[in-house]
Structures are given as structure tokens and as C-alpha cells.
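The values are calculated or read from the model by the stated rules, or taken from the named source; none is laboratory data. Here the structure is a predicted model, which means the values were calculated and not measured. Glycine also receives a Cβ, built like all others from the backbone with ideal geometry; neighbour counts cover every protein chain displayed. All accessible areas refer to the heavy atoms of the entire protein, side chains included, with ligands and DNA or RNA removed. Shrake-Rupley method; radii C 1.70, N 1.55, O 1.52, S 1.80 Å.
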Amino acid sequence: MKSSNLMKMILPLAFIAGAVVVTVVLVMNRPVLETRPAEILPTLVRVLTVESEDLQLTVYSQGSVMPRTQSTLGSEVSGRVEYVSQAFAAGGFFEKGDLLVRLDARDAELSVTRAESEVARAQMSLTIEEEEARVAEEEWAQLGRGTPSALVTRKPQLAEARATLASAEASLHQAQLNLSRTEIRAPFAGRVRVKNVDMGQFVNTGSTLATIYSVDYAEVRLPIPDDQLAYVDAPLHFRGENTTNRGPEVVLATKFAGKQFKWTGKVVRLEGEIDPQSRMVHAVAQVKNPYGRGEDPDRPPLSVGLY
């Protein structure tokens, strides 16, 4: 019993003594640490060589094709339509000076004949008055004394005869002008948009015959947000300046008959007003010869209303 208690006391002491010995050995044999200053690594950077170059920015917009010039073709005289050109139909093309519509010219021809007779009569009266004025001056030179009055030398009668001749010639010119107006010719190369008259129809002075538009250029009205306007070298209009050839290039693209087609144009002007609702500025792009066949034979004409 005593030996057992003794063992319980000796074993912990022996364990503690062994741990102390191991600790002392480890401390005595620890490695010597060498101290050195901390190494500061440089910050890694990426270096690029910068070169200036021109960069083209793209601004996207949309609009519909509209004619540059559109006019209402009207009649300046009255008459019945007796001829209509084959081109005088919706979508028909015509060239400048082409005869589109001809009215019955018989009344105008009769007016010209009457005006010519009036001119001849007035010319004869003027010739008679000039001869009588010459005779009156000769008689006064032989028989009269002093300065003759205007009535004696027939100056008022001569002035009246000349005025009558001028009026007759003006009436003749008006009759000839009305005769020429029975033929309605194209004021420019264009296309018929709306046709309003046909064969046999009677038209009055001022009647609308058709709505036509030119085919030399087509225009597209393109809204541009104010914050993107800085990326567009759009020509600003100032009074007395021509900015037609200073605008940026425009590429118009659309789908037609299931295919994608493109046209190249140019911004020719900015409209004079800002849209009060959208607060956008509208640029007008212009395409030259929109109805001619281009390099792509399958490309359709740039028709009015195409989006």
C-alpha cells in the first residue's frame, strides 16, 4: 500500500523532470536566426506606347425616305383633256420638258387669231396717224405762225394709236401664252406620286392635275439626340453660308423583299428647329440618284416612304 502511494508521487515528478530536461536540450540546440532587412518589391506596371489617330464614331438613327422637291402640277387654263402621256401615272418617270397632259387648244387658237387681227388693225391705225401727223407738221410749216399746239400736230392721236398697238400686242402675247399652257410639260425630271385627271376630263384654271416629285435626290429626316450630336460633324447653318458639301457620310440600310440593302449619302443640313417633345435635332441626309441602277443590280430604287 505504501509502495503504491510512493509510485504515484514519483511518476509525476519523474515526468516533470524529463520534460524540463527535453526543454533545456531544445533551447540549447535551437538554430541561430540571421536578421536581414526586408526586401521591398517594386510595383508592377504595364507600359503602352500611345499614338494619336483618327477615330470614326457611329451614331445610329432612323427615318423614312422623302422627296427633296415635291410640287403640285396644276392647269393655268381651262379645257378638256385630250392627251395623257404613258408616264402620267402613279409611279411613272418623266424627264424635264416632257409633255404630260395636253388640253383642247381650239379656243386658245381662236383667241390667238383674234389677237393677231387686233394687232394688224392697231398697226394700220398707227401708220395712218403717223402719216397724218407728218402732213399736219408740213402744213403748219407752210401756213402757220409760232409754235403749233399738240392737237395741231396730232401728238395725242399718235400716242393713242401707239398705246392701242401696245395693248393689242399684249393681248396677242397673252393669247399665245394661253395656247402654250394647253400643253402641261414637266418642270423637272421626276416621278408621278398622285394622278388626279385622265382622258376626257374637263379641268378649270387652277385645277390640280397631279402631285410630282424630283428624282435627282432623295432625303431622309434623321432624329439625333442632343448628347450624340457632339459625335456628328453636322453642318450648322448660318446666314450667307453654303454648307451642302460639309456634312458627314451616312449609310442607309433597310430590308426589302427579305434582303438587306445599303445606300450611301451625306448629311446636308440640320433643320432649324428642335423637336419640342423629343428634344431631338433632325439632320437631313441626301442620297444622289436614288432611282438609278447602282453597282448592285438587285438593289431596288430608294422609293419614297421606305423606312
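Looking only at the stretch 234-249, count every residue that is open to solvent by 100 Å² or more (accessible area, probe 1.4 Å) and at pLDDT 80 or above and tell me the total.
Residues that pass the stated criteria total 1.
Open to solvent by less than 40 Å² (accessible area, probe 1.4 Å) and either in contact with a Lys or Arg (Cβ under 8 Å, 6 or more places away or on another chain) or at pLDDT 85 or above (or both): is that true of L100 in this structure?
When the stated conditions are applied, L100 passes them.
Does the stretch 79-97 hold any residues that are open to solvent by 60 Å² or more (accessible area, probe 1.4 Å) and more than 30 Å from V284 (Cα to Cα), and which are they?
R80, E82, Y83, Q86
Restricting to the stretch 192-214, name every residue that is over 14 Å from L100 (Cα atoms), of a type outside the set (V, I, T) and either part of a loop (DSSP other than H, G, I, E, B) or in contact with a His (Cβ under 9 Å, 6 or more places away or on another chain) (or both).
Passing the criteria: G200, Q201, N204, G206, S207.
Scanning the stretch 208-230 for residues that are among the small types (G, A, S) and farther than 30 Å from S111 by Cα, which turns out most open to solvent (accessible area, probe 1.4 Å)? Let's see the steps before the verdict.
Within the stretch 208-230, the subset among the small types (G, A, S) is 210, 214, 218, 230.
Those left that are additionally farther than 30 Å from S111 by Cα: 214, 218, 230.
Working: S214: 7, A218: 2, A230: 89 Å².
So the residue we want is A230.
Can you name every residue in the stretch 250-307 that is within 20 Å of the chain's Cα centre (by Cα) and surrounded by fewer than 11 Cβ atoms within 10 Å (Cβ to Cβ)?
V251, A253, G272, E273, G292, G305, Y307
Name the pairs: first residue in the stretch 48-61 and farther than 11 Å from Y231 by Cα and open to solvent by less than 100 Å² (accessible area, probe 1.4 Å), second residue of a type outside the set (F, W, Y) and in a loop (DSSP other than H, G, I, E, B), Cβ to Cβ under 7 Å, at least 6 apart or on different chains?
none
Taking the condition within 22 Å of L110 (Cβ to Cβ), open to solvent by 70 Å² or more (accessible area, probe 1.4 Å) and among the polar types (S, T, N, Q), does T205 pass?
When the stated conditions are applied, T205 passes them.
Within the stretch 106-122, can you find the residues that are within 12 Å of S167 (Cβ to Cβ) and surrounded by 15 or more Cβ atoms within 10 Å (Cβ to Cβ)?
Within the stretch 106-122, A115, E118, V119, A122 meet the criteria.
Can you confirm whether the stretch 183-195 contains a residue that is farther than 21 Å from P67 by Cβ and at pLDDT below 85?
The answer is no, given that none of the residues of the stretch 183-195 is farther than 21 Å from P67 by Cβ and at pLDDT below 85.
Could you check the stretch 265-303 and list, in sequence order, the residues that are more than 20 Å from E249 (Cα to Cα) and part of a strand (DSSP E or B)?
G272, E273, I274
Out of curiosity, is R181 open to solvent by 70 Å² or more (accessible area, probe 1.4 Å), under 15 Å from L100 (Cα atoms) and more than 18 Å from the chain's Cα centre (by Cα)? Even if it seems obvious, please write down each step before you answer.
Details: open to solvent by 70 Å² or more (accessible area, probe 1.4 Å): no; under 15 Å from L100 (Cα atoms): yes; more than 18 Å from the chain's Cα centre (by Cα): yes.
No, not satisfied.
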